[in-house]
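Single-structure report; data block below.
Read the figures in this text as sums done on the coordinates, not as results from a lab. Bear in mind the structure is a predicted one, so any value in this text is a computation, not a measurement. Cβ sites come from the backbone with ideal geometry, for glycine too, and all protein chains shown count toward neighbours.
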Amino acid sequence: MSAVDPPAWRLPPRWVLLVGVLSIVCAEVGGASMARFKLELARWARGAMLAHPSVHGLVGVRDVDERILDEALVKFDAGLRLFHMHAEGMGLVVIATATVAATLARPGAARRVIIALLTVGGAGYPVGYLVWSALIPSQGLDAAKTIAEWLVWIPFGSAAIVALWWLAGLTALRMIKP
Amino acid sequence: MTKIACVGRVLATIIFATINPAAAHHVGSYVPRDNAVTTNFKQVKFSVQAKKFDVALQLFEGGALRAEMRAKAATLPPGLEDGTRAALKASDGAEVERRLMLFFAALARDLAREADRHLADAAAEARAATGRKFLEAIWRYYNLVDFAVSVRDNKTSVAVRLAFDEAETYVKPTAAAASVDASRLRQPFQRIANVLSTLVEASSTQARRDS
């Protein structure tokens, strides 16, 4: 390699690539299942909501309850859609950012931590949408969101954001000190 | 600034810049949709406005509006379904509008009565939420005919709107709403029920006298 050649891209560890690809696979399977089992999923969710009337604040008056059920079903469906979209996107983000980290970070603990945070955070975050969706029928809209937030979105999202800031700082540093 | 304070500030900034975006995930938004009855009402109304009475009659005969009129016949003014059909056949747009106004006013009245019953039994912490849900349901029907009501009986329209506004202030999701007592919250619902009841009865009596 001559002095003017750019540095070659380095692949991140294989397990990182596997996680990224698996995230995309799950997104595709999730999207296809959503379309294939749309009616079954809606029926199950509606049945589970009707089995927990107090959780959803159902009052037994059709004109009042139908709007509550409709909103919960729309959010249930939105959760599945958002899982599909985020898992697809984050799979690519994991692969791309881990490759940048593997290329620019010097071998050592810092590189391993950045790649681990990017991979775990990036692949874990979309699962929050599945958790949210799955909990809506039994826990209600607000409780399901709170559980998904504290169990998945905040820890995994924070891990990914910290790693991305770290990587951004590192990339800036490499511009000054190649 | 000491080194510890400096590190502390940097850490606080990192946490702020991390937790805030992580907690602000996108969860979609919900826009309430029309139900079968309000959808059919709009279809019939727009057909009548376009003077397509044959289309409006078809939509009425096969739609949710007529099915709901039959299902709630016991609480509606007598002959409402037949009268609406006759008005459509006679291409009488004003009478169709009046009949449909009566129908939705009666639906809103029944919901206000139901709300009053529910609020009497509701637990204190659930009272505001229950009231809010009933208000949404009442408004979904009443707002379809508010203009028709105001043209025929402006006082009723104003009274319903004032009662509605008052109820809305009680059911807002605030600390004050949580402590609102049942009798105070029930009053605007009772007023809505009474005012709409008077409107429905007066209009039905008028219709019988005219026929």
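Counts of other chain beta carbons within 10 angstrom of each beta carbon in peptide A:73-82 average 2. Sorting B:130-137, B:116-123 by average packing, meaning the other beta carbons within 10 Å per residue, from highest down gives B:130-137, B:116-123. Projected over every direction and averaged, the convex hull enclosing the alpha-carbon atoms of chain B yields 17.4 nm². Comparing B:Ile15, B:Ile192, B:Ile138 in a Gaussian network model of chain B, where Cα atoms under 10 Å apart are tied by springs, the biggest mean-square fluctuation is seen for B:Ile15. Each of A:Arg10 and B:Ala86 was given a label point 7 Å from its Cα along the Cα-to-Cβ line. The distance between the two points is 9.0 nm. Pairs from the list B:Lys45/B:Lys89; B:Lys42/B:Lys172; A:Lys145/B:Lys172 with a Cα-Cα gap above 24 Å: B:Lys42/B:Lys172. Sorted fewest first by neighbouring Cβ atoms within 10 angstrom, A:Lys145, B:Lys89 come out as B:Lys89, A:Lys145. Using every pair of separate Cα atoms, the Kirkwood estimate puts the hydrodynamic radius of the stretch A:93-178 at 13.9 angstrom. Here is how the number arises for chain B: DSSP H runs of 4 or more residues each give -39500 (n - 2.57), the sum is divided by the residue count, and the result at 222 nm is -27000 deg cm²/dmol. Projecting the Cα atoms of A:Val61, A:Ala101, A:Gly91 onto the dipole axis of the stretch A:1-123, where Lys and Arg carry +1 and Asp and Glu carry -1 at the beta carbon, places A:Ala101 farthest toward the positive end. Fewest neighbouring Cβ atoms within 10 Å first, the residues B:Ser91, B:Ser29 line up as B:Ser29, B:Ser91. Of the residues A:Ala168, B:Asn194, A:Phe76, the one whose Cα sits farthest toward the positive end of the charge dipole of the protein assembly as shown, with +1 on the Cβ of Lys and Arg and -1 on the Cβ of Asp and Glu, is A:Ala168.
Per-residue mean of foreign Cβ neighbours for B:41-49 is 0 (Cβ atoms of other chains, 10 Å radius). Modelling each spin label as a point 7 Å along the Cα-to-Cβ direction, I'd like the B:Leu11/A:Thr146 distance in nm, to one decimal. About 2.8 nm, to one decimal. Here the Debye sum runs over all C-alpha atoms of chain A as equal scatterers in vacuum, and log10 of I(q)/I(0) at q = 0.12, 0.14, 0.17 Å⁻¹ comes out as -0.65, -0.79, -0.99.
Shielding value for A:152-161 is 4, the average number of Cβ atoms from other chains within 10 Å of each residue's Cβ.
Computing FRET efficiency as 1/(1 + (r/R0)^6) for A:Ala110 and B:Glu166, where r is the C-beta to C-beta distance and R0 is 45 Å, gives about 0.15. Between the listed residues B:Met101, B:Val48, B:Thr13, the Cα displaced farthest toward the positive end of the dipole of the stretch B:1-156, a dipole computed from Cβ unit charges relative to the Cα centre, is found at B:Thr13. Orientation-averaged projection of the protein assembly as shown equals 28.9 nm² [convex hull of Cα atoms, one quarter of hull surface area].
Legend: helices of chain A (whole DSSP H runs) are marked when their alpha-carbon atoms reach 27 angstrom or more along the helix axis and their mean Kyte-Doolittle hydropathy is at least -1.0; marked are A:14-36, A:62-104, A:154-176. Taking other C-beta atoms within 10 Å as the exposure proxy, B:Thr2, B:Thr156, A:Thr97 rank B:Thr2, B:Thr156, A:Thr97 from fewest upward.
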